[in-house]
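Please treat every number below as a calculation from the coordinates, not as lab data. Please read all numbers here as calculations on a predicted model, not as lab measurements. All Cβ positions, glycine included, derive from the backbone under ideal geometry; neighbour counts span all protein chains shown.
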Amino acid sequence: MLKTTLYAMTIITKTINIHSKGENDMIDLTTPTLEAIVETKLKDGIVTIFVAGSTAAITTMEYEPGLQVDFPEMLSRIAPKNLHYEHDNTWHDGNGHSHVRASLVGPSLTIPFKNNNLMLGTWQQIVLMEMDTRKRERNIILQIIGE
């Protein structure tokens, strides 16, 4: 027999403002995400991390120098800069590859937390990946749901 338990959930939305250096800049969002969770006083729940914009992405990875080189190099093999992108015909901004790369990785992820701790793996951090060809100001939206 299934047992159903009802909990009173709270939803809190916060924004982190980030200034990127441009294409291939990676910014570790783990600490600011955890700080935002702690500020809410929620103990257990989930947090969704979302970047507003079509040329940046959010993922998890081991945030270390080797992967900070390897990951952009992998993306350049999948969506090279020197290909023809119809987006560039429309907007003439030279960042068609940036849109494709960001779409492949995705704009958000959801991570559970318990006792005010993100339930990440030992070598796993939350990372913003800037894919635009110029530096940008990014708004990272955190939606924290828990009790």
Straight-distance crosslink candidates among lysines, where the alpha carbon sits under 21 Å from residue 81 and sequence neighbours closer than 8 are dropped: 21, 135
Theoretical FRET efficiency, 1/(1+(r/R0)^6), r = Cβ-Cβ of residue 147 and residue 69, R0 25 Å, to 0.05: 0.05
Between segment 4-64 and segment 67-98, the Cα center-to-center distance that results, in Å: 25 Å
Segment residue 122-residue 31, extension gain: residue separation times 0.36 nm, minus the distance between their alpha carbons: 31.3 nm
Potential extension, residue 86-residue 15 segment - 0.36 nm per residue separation minus Cα distance: 22.3 nm
Unit charges on C-beta of K, R, D, E only; dipole of the chain, Debye: 400 debye
Which of 67, 146, 38, positive extreme of dipole for the chain (C-beta unit charges): 146
Two-decimal Rg/Rh across the chain, once Rg and the Kirkwood Rh are taken from alpha-carbon atoms: 1.06
Net length gained if the chain between residue 139 and residue 114 were fully extended (0.36 nm per residue, minus Cα distance): 6.5 nm
